[in-house]
Amino acid sequence: MASLPVVSGPVGPAPEAPARAGDSTPAEDDWRWQARHTLRGLDALERALRLTDAEREGIRRAEAGGFPIAITPHTLGLIDPRDPACPIRRQVVPVAAEAAEVPGDLRDPLGEEAHEVAPELVRRYPDRVLLLATDRCAVYCRFCTRSRMVGDGGGARSLARLEPAFRWIEAHPEIQDVIVSGGDPLVMATSRLRPILERLAGIEHVLTVRLATRAPVTIPQRVTDELCAALRAAHPALWVMTHFNHPRELAPASTRALARLVDHGLPVMNQTVLLRGVNDDASTLEALFRGLVRRRTRPYYLLQADPVRGTGHLRTPLDVGVRLMEQLQGRLSGIALPKLIVDTPGGRGKVPITPDYVVRRAPGRTTLRTFRGEQVDYVDPPAPSPGPSSTASAEPPGGPTA
Ligand code: SF4
């Protein structure tokens, strides 16, 4: 499918969740019910959606040992059953194109296996590590960076299995931040997740823990008051990193989930993956980012999709993201506008990409292009002249004492 055109005219918000994704019944509002009724194969999907041949082939391939399928009833309720181009459907229903290899495809695009420092522990930056607490998710997203291992078996990792990772962190005082991910750690039972967070809270130099989860999108019923209270109690500086990709995902149950997290004192941030035919137009992103901010959730990254094998049909060229950022700059406030990020292949780290707003540079003068297309000069202040009034000395008044 071709990429949708980038909107070049005025940006207007796209709609959020449709009527069909409205409030759920009491049974549907129980996350265990959602988990029990999750759709996992061709027969279930055939009953729920009018499938295309390409989808049938993709589902059969997934059932035969490919990246597994899981679609919660909540997510199914967001899908247009008649529209194969539905942006929610494109994220969760496999298609035949997953079998195609395209240039750039990698099995492990972020080089996580090469950067594993202990079982289930990945280090790519000096001050932070990634802890893979489970391989399970409520929904298997077709663009997943970890499709090589997610849903692969093993389920939630026990404390004993993670102990070498905890010991490695204890032995490395430069690690101040731990991202707990998977899989989706919020599909773990609270009784299994909480001890992991408490174990991290007991490591003095770990100042922050980030919980990376798509549960507020895919199974928002999981975000109960009881869970939020347990998370809040488990670690003093726990952040929740969610993953909304389309404004339709901001359904009433998801809105309640975000409100619960924030009301319990948990800061919530969102990273969106830029996906072809899902959110690669400015009006969709504008509605998503405005909707997140309205729900007290900060959109902090717009991620260029990682070159995961089998996702070529969902990825956009790099310049699409740059043009989208250009269209959104000035239309959205700073708190609603994320950074466009490329996570470099091989695990070399994230690189921010921005449109070029510098028209020319001359000594002491830079000409900038504003979001309206005007050119404006910024003149540097004169360089400070060295002299007796210089404040560069770090010595205490009175000079050296030894
Ligand atoms: S929830 Fe996250 S880890 Fe699970 S399939 Fe989706 S993107 Fe991958």
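Laboratory data are not the source of any read-out in this text; all were calculated from the coordinates shown. Just so you know, these numbers come straight off a predicted model, no measurement behind them. For neighbour counting, all protein chains shown are included, and Cβ atoms are generated from backbone atoms with ideal geometry for every residue, glycine included.
With a ≥ b ≥ c the root eigenvalues of the C-alpha gyration tensor of the stretch 22-88, is it rounded (a/c under 1.5), prolate (a/b larger than b/c) or oblate? Provide the component values of the computation, followed by the final result.
Values: a/c = 2.61, a/b = 1.48, b/c = 1.77.
Oblate.
Taking the Cα centre of the chain as origin, work out the dipole magnitude from +1 charges on Lys and Arg Cβ and -1 charges on Asp and Glu Cβ, in debye rounded to 20.
My answer is approximately 440 debye.
Restricting things to Cα coordinates, could you compute the convex hull volume per residue of the stretch 199-355 in Å³?
Working: hull volume 20.8 nm³, N = 157.
Per-residue hull volume (Cα only) is 132 Å³.
Given the options D105, D356, D30, which has the most mean-square fluctuation in a GNM of the chain, springs set between C-alpha atoms less than 10 angstrom apart?
Top of the fluctuation ranking is D356.
Consider just the alpha-carbon atoms of the stretch 280-355 and return their Rg together with their Dmax, both in angstrom.
Reported Rg and Dmax, both Å: 12.9, 36.
Can you pull the three principal axis extents for the Cα set of the stretch 24-183, in Å, largest first?
Largest first, the stretch 24-183 extends 54, 46, 25 Å along its Cα principal axes.
What distance in nm separates the simple spin-label points at Y125 and A27, each placed 7 Å from Cα in the Cβ direction?
4.5
In nm, to one decimal, how far is the modelled label at W239 from the one at L106, with both set 7 Å along Cα→Cβ?
The modelled label-to-label distance comes out at 2.3 nm.
Say the dipole of the chain comes from +1 at the beta carbon of Lys and Arg and -1 at that of Asp and Glu; which of Y300, A165, G182 then lies farthest toward its positive end?
Ranked along the dipole, the leading option is Y300.
To the nearest 0.05, what FRET efficiency results for E63 and R348 with a Förster distance of 35 Å applied to their C-beta separation?
Details: r = 36 Å, r/R0 = 1.02.
The computed FRET efficiency comes out at 0.50.
Could you pull the Rg and Dmax for the stretch 154-214, using just the Cα atoms, both in Å?
Final numbers for Rg and Dmax: 11.3, 31 Å.
Roughly how many debye, to the nearest 20, is the charge dipole of the stretch 45-194 about its Cα centre, given +1 on each Lys and Arg Cβ, -1 on each Asp and Glu Cβ, and no other charges?
Computed about the Cα centre, the dipole is about 460 debye.
Just how large is the dipole of the stretch 68-154 about the Cα centre, in debye to the nearest 20, putting +1 at every Lys and Arg Cβ and -1 at every Asp and Glu Cβ? Intermediate results must be reported in sequence, preceding the final value.
Working: 11 positive and 13 negative charges, 54 e Å.
Charge dipole, the stretch 68-154, about its Cα centre: 260 debye, nearest 20.
Can you give the FRET efficiency for K339 and S158, using 1/(1 + (r/R0)^6), R0 = 45 Å, r = Cβ-Cβ distance, to the nearest 0.05? Could you put the intermediate results ahead of the total?
On the way: r = 36 Å, r/R0 = 0.80.
According to the calculation, E is roughly 0.80.
I'm checking a number: the convex hull volume of the Cα atoms of the chain, normalised per residue, in Å³. What is it?
Working: hull volume 74.9 nm³, N = 402.
Cα-based convex hull of the chain, divided per residue, equals 186 Å³.
Using per-residue counts of other Cβ atoms within 10 Å, averaged over each peptide, order 347-354, 324-331, 376-383, 158-165 from highest down. If you can, show how the numbers build up before the last one.
Values: 347-354: 12.8, 324-331: 18.1, 376-383: 8.6, 158-165: 14.9.
Going by the mean number of other Cβ atoms within 10 Å, highest first, we get 324-331, 158-165, 347-354, 376-383.
Residue separation times 0.36 nm, minus the C-alpha to C-alpha distance between A259 and E204: what's the value? Before the final figure, lay out each step's value.
Numbers: separation 55, 0.36 × 55 = 19.80 nm, distance 3.00 nm.
Additional length available on full extension: 16.8 nm.
Among H74, A118, L106, whose Cα projects farthest towards the positive end of the dipole of the stretch 57-125, with charges put on the beta-carbon of Lys, Arg (+1) and Asp, Glu (-1)?
Farthest along the dipole direction, towards plus: H74.
Rounded to the nearest 5, what is the percent of antiparallel bridges among the DSSP beta bridges in the chain? Before the final figure, lay out each step's value.
Numbers: 17 of 44 bridges.
If we restrict to bridges inside the chain, about 40 percent are antiparallel.
From the P(r) of the stretch 118-227, could you give the percentage of C-alpha pairs in the tail past 22 Å? Can you show the working numbers first?
On the way: 1750 of 5995 pairs.
Percent of Cα pairs beyond 22 Å in the stretch 118-227: 29.
Taking +1 at the Cβ of each Lys and Arg and -1 at the Cβ of each Asp and Glu, which of G151, V278, M241 sits farthest along the dipole of the chain towards its positive end, judged by Cα position relative to the Cα centre?
It is V278, whose Cα lies furthest towards the positive end.
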